Amino acid sequence: MDPILLMDKKDQLSFEILSLINRAADAPVNMDHVADKLGVSSYKLNAALSTINTDLRELAPQQNIHINELQKGCGKHKTFPV
């Protein structure tokens with residue numbers, strides 16, 4: 001059974017965003033491309049990124065792990081030691 005089928009729509013979107021970022025490795029990710037690929041608006045993408053960042057802070061409060069916007073439309077997963 002595919003575990004994605006057990007996720008609600010918000011979790012599925014977060015999973016797809018994280019999958020696309022993960023596939024890009026260390027390269028910046030064009031968030032406009034992510035929105036187009038997933039068929040979501042910029043508003044919905046930004047809301048999902050905000051939720052992902054909140055979850056990351058809860059999972060690793062001692063580390064500064066988040067997805068940040070490097071420049072308009074581009075984001076990158078960063079890990080910064082505290």
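The values are calculated or read from the model by the stated rules, or taken from the named source; none is laboratory data. All values reported here derive from a predicted model rather than from experimental measurement. Heads up, the Cβs are rebuilt from the backbone with ideal geometry, glycines too, and the neighbour counts pull from every protein chain shown. These area figures cover heavy atoms from the full protein model, side chains too; ligands, DNA and RNA do not enter into them. Shrake-Rupley method; radii C 1.70, N 1.55, O 1.52, S 1.80 Å.
Only residues that are free of Cβ contacts under 8 Å to residues at least 12 places away in the same chain and over 23 Å from Pro3 (Cα atoms) were counted across region 51-70, and they come to 4.
Filtering region 8-53 to residues that are in a loop (DSSP other than H, G, I, E, B) and open to solvent by 60 Å² or more (accessible area, probe 1.4 Å) leaves Asp8, Ala25, Asp26, Pro28, Gly39, Ser41.
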